[in-house]
1. Can you tell me the order of 78-90, 236-248 when each peptide is scored by its average per-residue count of other Cβ atoms within 10 angstrom, highest first?
2. For the range 135-247, rounded, prolate or oblate, judged on the Cα gyration tensor with a ≥ b ≥ c (square roots of eigenvalues), a/c < 1.5 rounded, else prolate if a/b > b/c?
3. Between residue 142 and residue 67, what is the label-point separation in nm under the 7 Å Cα-to-beta-carbon projection?
4. Can you tell me the order of 131-140, 183-192, 54-63 when each peptide is scored by its average per-residue count of other Cβ atoms within 10 angstrom, highest first?
5. Run down the aspartates and glutamates and flag those whose C-alpha is under 16 Å from the C-alpha of residue 52, throwing out any fewer than 8 positions away in its chain.
6. Give me the number: length gained by fully extending residue 170 to residue 76, i.e. 0.36 nm times residue separation minus the C-alpha to C-alpha distance, one decimal in nm.
7. Given (1) 128; (2) 111; (3) 143 as candidate values of volume of the Cα convex hull per residue in Å³, which corresponds to the one derived from the coordinates?
8. If packing is taken as the mean number of other Cβ atoms within 10 Å per residue, what is the order of 118-130, 39-51, highest first?
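No lab work stands behind these numbers, since they all come straight from the coordinates. The structure presented is a predicted model; accordingly, all values stated were derived computationally and were not measured. In this analysis, Cβ positions are derived from the backbone assuming ideal geometry, glycine residues included, and neighbour counts consider all displayed protein chains.
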Amino acid sequence: MIEFLTADLPARHGFFTRKGGVSTGPYASLNCGFSGADPRENILQNRAIVAKTLGLDPADLLGLKQVHGISVITVTAAWPIGQGPDGDAMVTTIHGIGLGVIAADCAPVLFADQNRIVIGAAHAGWRGALAGVLEATAAAMRALGAGPISAAIGPCIHQDSYQVRADLRDAVLAHDPADSVFFADSADAGHWQFDLPGYCAARLQKIGVATAILPHDTCADEENFFSHRRRTLRGEAAIGHHIAVIRL
């Protein structure tokens, strides 16, 4: 049975787990990412299941070619499935369009304004979050007339699971030394534990976006979530991606 999580957002949405799809093996079962070797027909079926769960036509569930950047696409019409532009965030005022982002440790972030005029969805790994993809998403929503914006950070890798090296920490602190609060000491010398969802939430709160963090750690919960970090630690080759979707 398909399973998804929700937050207190004024728009219909879901942070979907890996359960309830048709894929098998390392992609079991609700893999919604087109990368990898999972047959395309499985992914299309999985995305159709997600779309119908939220009352969408499968053709109206949109996604991007995510590149860990800050490009925000303003959606005015649907594009063919699997042929979205490069980018890591979308915003729209169009009813009946679903904005979907995929992740397997990065933070899926869904946005809605309290006036129910504009929605947004962003994919925020540490690079995108550092570069400003979340602020860019909120700015694009405000350009479309958004009122007060709320955001929810979905299942992603959490601090206890996210050991990082000095290069990541140095890049974050070069932007703002005060962000050292998002790094805890690690058991291994020369490494730290990074709080990705806390960092994302703080960036959003600085620009007036009320933000909630769902407590689910993708790396630690293999039953419910895919995880790039877990796959890397095990030396596995294949990985699936779950999806977060919001619609007006």
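1. 236-248, 78-90
2. The shape class here is oblate.
3. For the pair residue 67/residue 142, the computed spacing is 2.6 nm.
4. 131-140, 54-63, 183-192
5. 3, 60
6. Answer, rounded to one decimal: 30.0 nm.
7. Given (1) 128; (2) 111; (3) 143, the structure-derived one carries the label (2).
8. 118-130, 39-51
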